[in-house]
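Here the structure is laid out as structure tokens; the discussion comes afterwards.
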Amino acid sequence: MKLTQEQKSFVEDLLSRMTLDEKIGQMNQESPSIVGGFDVPFSELIEMMTDGRISQEEFGRIMANATQDFHEDEIRAGLVGSMMVNDPRKNNELQKIAVEESRLGIPLIIGFDVIHGFRSVFPIAIAEACSFDDALFEETARMAAAESRAHGINWNFAPMIDAARDSRWGRVSEGPGEDPFLGSRFARAKIRGLQNDRSSPLNYVAACTKHYVAYGACESGRDYNTVSMSVSNLYNVYLPAFRAAMDEGAATVMAAFNDLNGVPCTVNRWLLREVLKKDFGLEGFVVSDANAIRECVTHGIAADDRDAGVQAALAGMDMDMGTHIYKDFLKAEVEKGTVPMTVIDEAVRRILSVKVWLGLFENPYVPEALIEAYEKSLPEKHVALCRRAAEESMVLLKNEGGILPLRRGQKISLVGRLADDANEVCGAWAMAWKPEDCVSILTGLKEAGADVCYYPCGGPEGDINLEEADRACLEGDVIVAVVGETDAMSGEASSKAEISLPGGQRALLERLLQSGKPVVTVLMNGRPLALGWEAEHMPAILEAWHLGIRMGDAVAAALLGDVNPAGKLSSSFPSVTGQCPVYYNHPSTGRPGSKSKFTSRYLDAPWDSLFPFGHGLSYTSFTYEDLRVGERGEELEIAIRLKNTGEREGTEIAQLYMQDVTASLVRPVKELKDYCRVTLSPGEEREIRFTLKKKDMGFYDNAGRYLLEDGLFRLFVGTSSRDCLMQEIELKF
Ligand code: BGC
């Protein structure tokens, strides 16, 4: 995000004409409040329904009598800078009040959670990251931006780029997985896709990278929990994606709910002012997460709302999401002198700069024709991208005896409630999908012409009908079992203490296996699952995640062999939940896990992951040979020969890792440094080259300093983080 001199002067001029109330208004984000029909705050009403004090029916009845307050009067008075609304016509109406009826006519920035697509829902981020395809990451974001803007949304609360190594945390689904390098490439591509298409003033939005920072390291995988970590770990693992996003010009950042080493991110002056704004150079603004300023009181870091607001403003929190604390308290604090006017001016300057950069002063409204165009059926181009993204995001975890792909003419018994549920294909944080766009696996198979009969037998919740499973076994030549999680089992506030297949689904698989027929397992889930039992017993496993609206088409194409799966895991899978957090790039221990007793291991489970980061099979096979590592000036040249040794065309994602063998701080056993996608026909062989800049081979110490230390390095290239060729090299920087 860069402003011209003229735009900067425009912002300064506007700022100089604003009253203190108007300035604080810009720092205030509202969402529609539900009013009427009940006597308690809306949040409490939701809690009452969740904890059973009122029934769902009662809740529904109350809602039917309630109305929404869109804060029109406050917008008119210049007391609202941002709204969170998902209704294009309402957005136009509110924007019109801001632009035509408020004193200074400052447009609203309208935010919404468009995490993995809007109406065109793409795979959840952890799945899309398995494509290792930067061009795809960018293209899906560009489409999401255009669809959002056509809906009056000009600010997407995305990308979520929290590195996440503990799959008990439900929000692993929303981000690009466990690796800081892949996460950084994902972040950069998403920022480009959301922000850079200037071919029309309505094609881009402001990105909001979140959640800053280390939210993915919440203790024990429990959402909103505390985070305690070394500065070096923070800089090497959790900050890189944010630094990359800032380098790419991300317009805004959302702070995380958690505390970091005792200070909630919301009021963490070092994180917000020093690291983000000064060192990383954020030009736009920071917004709190929902209600997070008030939660500083519950954290016990602020005495009351007023204190929380003062701390947040002083720390560099520019916009308050949803608590009204800035609106209610900041004016008096400025007048008292506790909050300097410069703090307010800085926040407002940043917010206005984003609005100017977005072109909202020239194009505040969405033309009715555009709204209507997007309300019609999805354009073919959008459907095609949803399908391609879904196809690229699947990971073939296991394929014993080449059960997959299925052969045409085989009769398929399709089993599992999830297989026929088009409402479950989009996963967590999909807010704008339409039922008519969604394709279930059953529909996908039928449309692809498969000979399929369907037996629901049960799903992740509720009972399993084993008699029905027996009938399924009698009928098909091959059984395809779709098992996993519902969309509500991952995402925010969906942490789990046990991440093996929920409910009776393992019993279902056992029963199917007893038939002696080939059984293919298709996983539909939002997090890496603990699959020790399944990996041992089930002959073929296709990880299909929540792939978005065209999930059914993509899964059918992979099962039937029209698509050759090429995805690689963006997160390691454990055998059992107790291994969490498990990740490939762990620091070297003094006693690496092995068969002998006094090593870093478990008595009752493997010490290493079941399926490592970067793992993924294909219907063809690849070999890697002849790894060469050479030094050329400030770069390393790494070359290897890759051959397709199978009988069909396939895409391989070749991965480059390194290890700094001896350093002044313990370093990871491997670190991803580059990757590329290569498509080869049967028998084809190609030399792949990577260039690694020596300056990128360092690490951060506990003072946040970047170090490049001479010594021995190992370079690895291969098909996964576990299966690589290795060469050593001595380097002097
Ligand atoms: C989530 C954010 C989201 C915000 C607004 C919060 O609960 O943590 O990721 O952007 O709500 O919906």
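Bear in mind that the values in this text are calculations on the coordinates, not laboratory data. Note that the coordinates shown come from a computational prediction; the quantities given were computed from them, not determined experimentally. Cβ placement follows ideal geometry from the backbone for every residue including glycine, while neighbour counts extend to all protein chains displayed.
Kindly give the semi-axes, whole Å and largest first, of the ellipsoid equivalent to segment 367-456, taking each as the square root of 5 times a Cα gyration tensor eigenvalue.
Over the Cα atoms of segment 367-456, the semi-axes work out to 31, 15, 14 Å.
Under a Cβ-only charge scheme (Lys and Arg +1, Asp and Glu -1), can you give me the dipole magnitude of the chain about the Cα centre, in debye to the nearest 20?
Rounded to the nearest 20 debye, it is 1640 debye.
List the residues of segment 289-329 whose backbone N lies under 20 Å from a point placed 7 Å from the Cα of residue 19 along the Cα-to-Cβ direction.
So the set is 324-329.
Could you go through segment 232-246 in sequence order and give the Karplus-derived ³J(HN,Hα) for each residue, using 6.51 cos²θ - 1.76 cosθ + 1.60 with θ = phi - 60°, rounded to whole Hz, and x for Gly and Pro?
Running phi through 6.51 cos²θ - 1.76 cosθ + 1.60 with θ = phi - 60° gives 5, 5, 4, 5, 7, 10, 9, 7, x, 5, 5, 4, 4, 5, 5 Hz.
Give me, ordered by chain and number, the residues 5 or more places off residue 561 or on other chains with an amide H under 5 Å from its own placed amide H.
406
I'd like the projected area of segment 381-433, averaged over all directions, using the convex hull of its alpha carbons. Report it in nm² with one decimal.
So the mean shadow area of the Cα hull is 5.8 nm².
What ³J(HN,Hα) values, in whole Hz, does the Karplus curve 6.51 cos²θ - 1.76 cosθ + 1.60 give for segment 444-459 when θ = phi - 60°, with x put for Gly and Pro?
x, 5, 4, 5, 7, x, 6, 8, 10, 10, 10, 10, x, 6, x, x
Excluding same-chain residues fewer than 8 positions from residue 376, which lysines have a Cα within less than 17 Å of its Cα?
434
Taking the Cβ of each residue in 645, 620, 521 as the centre, tally the other Cβ atoms inside 10 Å and list the residues starting with the fewest.
If I rank by nearby Cβ atoms, fewest first, I get 645, 620, 521.
Give, as a single signed number, the net charge of other residues whose beta carbon lies under 13 Å from the beta carbon of residue 10, with Lys and Arg counted +1 and Asp and Glu -1.
Net charge in that neighbourhood comes out at 0.
Would you work out which of 117, 63, 20 lies farthest towards the positive end of the dipole of segment 1-151? Charges go on Cβ: Lys and Arg +1, Asp and Glu -1.
It is 20.
Along the charge dipole of the chain, which of 361, 480, 394 sits closest to the positive end, that is, farthest toward it, with unit charges on the beta carbon of Lys, Arg, Asp and Glu (+1, +1, -1, -1)?
394
Could you put 510, 392 in order, starting from the residue whose Cβ has the fewest other Cβ atoms within 10 Å?
510, 392
Under a point-charge model restricted to the Cβ atoms of Lys and Arg (+1) and Asp and Glu (-1), what is the dipole moment magnitude of segment 279-357 relative to its Cα centre, in debye to the nearest 20?
220
Please get the size of the charge dipole for segment 463-502, origin at its Cα centre, with Cβ charges of +1 on Lys and Arg and -1 on Asp and Glu, quoted in debye to the nearest 20.
So the magnitude is around 160 debye.
Using Cα centres only, tell me the gap between segment 612-645 and segment 324-392 in whole Å.
Segment 612-645 and segment 324-392 have Cα centres separated by 43 Å.
Given H placed on each backbone N at 1.01 Å, which residues far from residue 208 in sequence or on other chains put an amide H within less than 5 Å of it?
The list, which skips near neighbours in sequence, is 156, 158.
Between the helical axis of 551-560 and the dominant principal axis of the chain, each derived from Cα atoms, what acute angle in degrees is found, rounded to the nearest 10?
Taking Cα atoms only, the helix is inclined about 10 degrees.
Return a whole-number percent for the relative contact order of segment 390-579, with Cα pairs under 8 Å and 6 or more residues apart as the contact set.
This gives 35 percent for segment 390-579.
Quick one: which residues, 5+ away or cross-chain, put their amide H under 5 Å from the amide H of residue 684? H built at 1.01 Å from N.
644
Residues with beta-carbon under 12 Å from that of residue 264, excluding residue 264: net charge, scoring Lys, Arg +1 and Asp, Glu -1?
Around residue 264, the surrounding residues sum to -1.
Can you tell me what share of the DSSP beta bridges in the chain is antiparallel? A percent to the nearest 5 is fine.
Percentage antiparallel, nearest 5: 60.
Would you calculate the convex hull of the Cα atoms in segment 279-357 and tell me its volume per residue in Å³?
So the per-residue Cα hull volume is 101 Å³.
Taking Cα pairs under 8 Å and at least six residues apart, what relative contact order does segment 279-357 come out at, in percent?
It rounds to 36 percent for segment 279-357.
I'd like the FRET efficiency for residue 53 and residue 492, computed as 1/(1 + (r/R0)^6) with the beta carbon distance as r and R0 of 22 Å, rounded to 0.05.
After rounding to 0.05, the efficiency reads 0.45.
Positive end of the dipole of the chain, charges at C-beta (+1 Lys, Arg; -1 Asp, Glu), about the Cα centre: which of 507, 661, 140 has its Cα farthest in that direction?
Looking along the dipole axis, the top candidate is 661.
Rounded to the nearest 0.05, what FRET efficiency do residue 135 and residue 336 have when you use their Cβ-Cβ distance and R0 = 56 Å?
Rounded to the nearest 0.05, the efficiency is 0.55.
Would you calculate a helix-derived [θ] at 222 nm for the chain, using -39,500 (n - 2.57) for each DSSP H run of n ≥ 4 and dividing by the full residue count, to the nearest 500?
-8500 deg cm²/dmol
Say the cut-off is 31 Å between C-alpha atoms; which of 643/694; 210/695; 496/693; 398/643 go over it?
496/693
Where q = 0.09, 0.10 Å⁻¹, what log10 of I(q)/I(0) comes from the Debye formula for the chain, counting one point per Cα?
-0.84, -1.03
Quick check: the angle from helix 180-195's long axis to the longest principal axis of the chain, C-alpha only, nearest 10 degrees?
Between helix and principal axis, roughly 50 degrees.
Viscosity 0.890 mPa s, temperature 25 °C: give me the Stokes-Einstein translational D for segment 205-361 in µm²/s, with Rh taken as the Kirkwood radius over C-alpha pairs.
156
Net charge near residue 550: determine it from the other residues with C-beta under 9 Å of the C-beta of residue 550, scoring Lys and Arg +1 and Asp and Glu -1.
-1
In degrees, nearest 10, range 0 to 90: what is the angle between the Cα axis of helix 305-315 and the longest Cα principal axis of the chain?
Between the helix axis and the principal axis of the chain, the angle is about 70 degrees.
Provide Rg and Dmax in Å for segment 482-567, with only Cα atoms included in the calculation.
That works out to 13.5, 40 Å for Rg and Dmax.
Mark the label point 7 Å from the Cα of residue 600 along Cα→Cβ and return the residues of segment 640-668 whose backbone N is within less than 18 Å of it.
Only 658-668 fall inside the zone, counting backbone N under 18 Å.
Once you put a point 7 Å from the Cα of residue 626 and another 7 Å from the Cα of residue 688, both along the Cβ direction, what distance in nm separates them?
Result: 1.6 nm between the two label points.
With an 8 Å Cα cut-off and a minimum separation of 6 or more residues, compute the relative contact order for segment 200-326 in percent.
RCO, segment 200-326: 24 percent.
When 615, 71 are ordered from fewest to most other Cβ atoms inside 10 Å of their Cβ, what list results?
Listed from fewest to most nearby Cβ atoms, that is 71, 615.
Calculate one ³J(HN,Hα) per residue across segment 515-520 by plugging θ = phi - 60° into the Karplus curve 6.51 cos²θ - 1.76 cosθ + 1.60, and present them in order as whole Hz with x for glycine and proline.
Result, ordered by residue: 5, x, 7, x, 10, 9 Hz.
Across bins of 5 angstrom width beginning at 0, how are the C-alpha pair distances of segment 619-733 distributed, in whole percent?
All Cα pairs considered, the percentages come to 2, 11, 21, 22, 16, 11, 7, 5, 3, 1, 0.
Quick one: Kirkwood hydrodynamic radius for segment 390-579, alpha-carbon pairs, angstrom, one decimal?
Value: 16.3 Å, from the Cα pair sum.
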